[in-house]
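This report concerns only the one structure given below.
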Amino acid sequence: MQTPADSRYERLTSVSSSVDFDQRDNGFCSWLTAIFRIKDDEIREKCGEDAVHYLSFQRHIIGLLVVVGVLSVGIVLPVNFSGDLLENNAYSFGRTTIANLKSDNNLLWLHTTFACLYLLLTVYSMRRHTSKMHYKEDDLVKRTLFINGIAKYAEESEIKQHFEKAYENCIVLDARICYDVAKLMSLESERKKAERSKKFYTDLMSKEHIPTMINPKPCGHLCCCIINGCEQEEAVHYYTKLEAKLKEEYRKEREKVNTKPLGMAFVTFQNEAMTALILKDFNACQCHGCHCRREPKSSPFSNGLSTFNWTVTYAPDPQNVYWEHLSVGGLNWWLRCLVINCFLFILLFFLTTPAIIITTMDKFNVTKPVEYLNNPIITQFFPTLLLWCFSALLPTIVYYSAFFEAHWTRSGENRTTMHKCYTFLIFMVLLLPSLGLSSLDVFFRWLFDKTFLDQAKVRFECVFLPDNGAFFVNYVIASAFIGNAMDLLRIPYFLMYMIRLCLARSAAERRNVKKHQAYEFQFGAAYAWMMNVFTVVMTYSITCPIIVPFGLMYMLLKHLVDRYNMYYAYLPSKLDKKIHSGAVNQVVAAPILCLFWLLFFSTVRTGFKAPTSMFTFVVLILTIIICLSHVVFGHFKYLSAHNYKVDMDGVDNGQPLGSSPPVKSMQTYVAQVLQDEKGSGEDEGQGSSQDEEVVTEGDFQSGEDSLIENEVHQ
């Protein structure tokens, strides 16, 4: 019988996707046409609501770029081409840029007006997107609070009685103390792997009646000779011993886990109104003299539970929680983050752009042969391709830094990845190359140098060099074709797949690796990468309007690739709306940078007191004030890019209430490893990879099985 968890993760691996029972996948290259025929309802059912919001976001960006492309190519480009400041050569790229217009040309007002128009169009597009999201949390989430700072050895019954006595008519349905289950989950995962490996060799033994010898060291199957310390063992005997050892360790850890509370709890109430009241009570501040402190209602259990030290927030979705990371908190978590981010900043501080790498390569005459070729395709496209390669490596580095930070929720991890990736990518791809700087090191030395004001005009003039726009056009083209092709191939994941295959100790473990190699879709890195290209396109949409059609091409290909990957290649992921709203905020940064670029151009060409400079400056300052006021203080809601609507018509995320899948009704705020009291059959499902999911042998019958079995005899 198929459980709800099985139906949710029915697309666990690329192997399982090849055994898709959907008729659309039959035929030669049918996957290509299937991309266009997959409906949002199918994506919602298979990939989750966050995937639908992400794809809707992309469609609104595509619509925005269509309008911007028509205006930039249809109006701004002919205006730029009408100038005669540069050489009168129809094939000169500089004639398509704003640098071709004289400083006293009244047509420059058109560029400023269009920059303001693009800002309004961006805000309108994002408001339209957020108004269609209808984001509504699950009923369990809205009735559950996450409490941190509880007395370490408090009882669940005491927490229930505290709320029921302190708040009138309060009914607590459930209170769950959080425990340190990191080691327990690791042992359970390893035990299940050993159990599957033992079953594999037991079945093989009963079928062929020949014992199988393995080298149980990492990469042991790559060792050609038998030396001291690398002796082979009989496979069934080895995995039987390993399973027994892990079972015993698991049993001991399971007995100790209740003695390791974390001072956290998930408390579920009967109705949303009482949940909101308690949350407001714990987060309200009352002033007493010069001090502000909270005054939550008390009960006879308040002192024993240390209620004054509680931090109360809405609970994330159970699927959103990293249960194994809850034990990393407090000062240890902050020190961990500080060390990781300091190392990341130092690494990227000197290697922010590939220019410093090219300089180092030149010292060893590596790039000299390229220059001697004197081929314009190589000499012009090679720096752009190198920039793309390093900008593609950066999100991977930032993602692993966020992973090692041990965030408590998947949405927190993705949100951190998105903001850090976007910031570093904008510096690497847009700001520093535009200013002709090689790295953040050079940028800060130039910024804080005594001669900053003397060199500022020279640096800002670098932004408007005739060939500077060509560099970014090449970058967008490389991202559109090479970048999206690499996303389709998922090269980083296949590299990890190869490493895991090499580290596997036997054919059974390699079989498990092949069946458990899918990962959750990383919304944070995907948003950051996409917004980086969009920001480059919007920033140069007026100064170099020919970039917009290529940006539109990138977004169209990106949309198709992401639809395919999310539907066929990645695991579903449950996040919250904060990451989607954070992406909307990053979109608004693109037209703001466009205004900055026009302000720099107008200031360099005509001076700061010129009418176009003053107008652009005023619009820019007003925009920044409104954005900061909205983000920090919540003001100007009707002028922001957010327009979330609350569903009051009985519709939940586009589906009628009561029609949610049965998985929701089974969710509880307890780690799966603790729900399985006997430590047998059920898988955790907590990790970001597929290693912790249940896999039945009949689910993955493919041509790879025979290849795996053949490895045993080699």
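Would you check if Ile542 is of a type in the set (Val, Ile, Thr) and assigned to a helix (DSSP H, G or I)?
Answer is no for this residue.
With Leu110, Leu121 as the choices, which residue is over 27 Å from the mean Cα position of the chain (by Cα) and within 30 Å of Asn80 (Cα to Cα)?
None of the others qualify; the one that does is Leu110.
Working only within region 130-161, note down all residues that are under 16 Å from Gln270 (Cβ atoms) and more than 38 Å from the chain's Cα centre (by Cα).
If the condition is that a residue be under 16 Å from Gln270 (Cβ atoms) and more than 38 Å from the chain's Cα centre (by Cα), then Gln161 is the only one that fits.
So Ala182 fits all but one of (1) exposed (fewer than 14 other Cβ atoms within 10 Å of the Cβ); (2) within 21 Å of His325 (Cα to Cα); what number is the exception?
The single condition Ala182 does not satisfy is (1).
Looking at region 189-202, I want the residues that are outside the structural domain of Ala507 (by TED's automatic domain parsing) and have a partner that is of a type outside the set (Asp, Glu) and not in a helix (DSSP H, G or I) with Cβ atoms under 6 Å, at least 6 apart or on another chain. Which pairs are those?
Correct list of pairs: Tyr201/Thr212.
Among the residues of region 561-576 satisfying the criterion of being under 9 Å from Glu520 (Cα atoms) and assigned to a loop (DSSP other than H, G, I, E, B), which is nearest to the chain's Cα centre (by Cα)?
Only one residue fits best here, namely Ser573.
For Arg294, which of the numbered conditions (1) touching a Cys at 6+ places or on another chain (Cβ under 9 Å); (2) at pLDDT 85 or above fails to hold?
So Arg294 meets the others, but not (2).
For the list (1) at pLDDT below 85; (2) under 24 Å from the mean Cα position of the chain (by Cα), I need the number of the one condition that Arg505 fails.
All conditions are met except number (2).
Which pairs have Cβ atoms under 7 Å, sit 6 or more apart or on different chains, and link a residue in region 321-335 that is within 12 Å of Leu262 (Cβ to Cβ) to one that is of a type in the set (S, T, N, Q) and not in a helix (DSSP H, G or I)?
From residues that are within 12 Å of Leu262 (Cβ to Cβ), the pairs are Trp323/Gln686; Glu324/Gln686.
If you go through region 602-619 one residue at a time, how many are modelled with pLDDT of 80 or more and either assigned to a helix (DSSP H, G or I) or of a type in the set (Ser, Thr, Tyr) (or both)?
So the count comes out to 11.
From the residues in region 75-118 that are in a loop (DSSP other than H, G, I, E, B), in contact with a Ser or Thr (Cβ under 7 Å, 6 or more places away or on another chain) and surrounded by 15 or more Cβ atoms within 10 Å (Cβ to Cβ), which one is modelled with the highest pLDDT?
Among those that are in a loop (DSSP other than H, G, I, E, B), in contact with a Ser or Thr (Cβ under 7 Å, 6 or more places away or on another chain) and surrounded by 15 or more Cβ atoms within 10 Å (Cβ to Cβ), it is Thr97.
Does region 569-580 contain any residue that is touching a helix residue (DSSP H, G or I) at 6+ places or on another chain (Cβ under 9 Å), under 19 Å from Ala470 (Cα atoms) and touching a residue at least 40 places away in the same chain (Cβ under 8 Å)?
No; the residues of region 569-580 include none that is touching a helix residue (DSSP H, G or I) at 6+ places or on another chain (Cβ under 9 Å), under 19 Å from Ala470 (Cα atoms) and touching a residue at least 40 places away in the same chain (Cβ under 8 Å).
Look through region 294-328, keep the residues that are in a loop (DSSP other than H, G, I, E, B) and under 22 Å from the mean Cα position of the chain (by Cα), and return whichever of them is nearest to Glu520 (Cα to Cα).
Once the filter is applied, the top-ranked residue is Tyr322.
Restricting attention to region 498-520, report how many residues are among the polar types (S, T, N, Q) and either more than 24 Å from Pro211 (Cα to Cα) or free of Cβ contacts under 8 Å to residues at least 60 places away in the same chain (or both).
Adding up the residues that qualify gives 1.
Scanning region 119-155 for residues that are among the aliphatic types (A, V, I, L, M) and assigned to a helix (DSSP H, G or I), which turns out farthest from Thr603 (Cα to Cα)?
Only one residue fits best here, namely Leu140.
Could you count how many residues in region 530-572 are of a type in the set (A, V, I, L, M, F, W, C), at pLDDT below 90 and surrounded by fewer than 24 Cβ atoms within 10 Å (Cβ to Cβ)?
Residues flagged as of a type in the set (A, V, I, L, M, F, W, C), at pLDDT below 90 and surrounded by fewer than 24 Cβ atoms within 10 Å (Cβ to Cβ) within region 530-572 amount to 2.
Please go through region 600-623 and pick out each residue that is in contact with a helix residue (DSSP H, G or I) (Cβ under 7 Å, 6 or more places away or on another chain) and exposed (fewer than 13 other Cβ atoms within 10 Å of the Cβ).
Gly607
Could you tell me whether Arg251 is touching a residue at least 40 places away in the same chain (Cβ under 8 Å) and either more than 24 Å from His516 (Cβ to Cβ) or in the same structural domain as Thr144 (by TED's automatic domain parsing) (or both)?
yes
Go through region 482-539 and tell me which helices (runs of 4 or more DSSP H), entirely inside it, have 2 or more residues that are basic (Lys, Arg).
The helices (runs of 4 or more DSSP H) meeting that bar are 507-515.
The values are calculated or read from the model by the stated rules, or taken from the named source; none is laboratory data. Fair warning: this is a prediction, and the values are worked out from it, not measured in the lab. Every residue, glycine among them, receives a Cβ derived from its backbone with ideal geometry; neighbour counts consider all protein chains shown.
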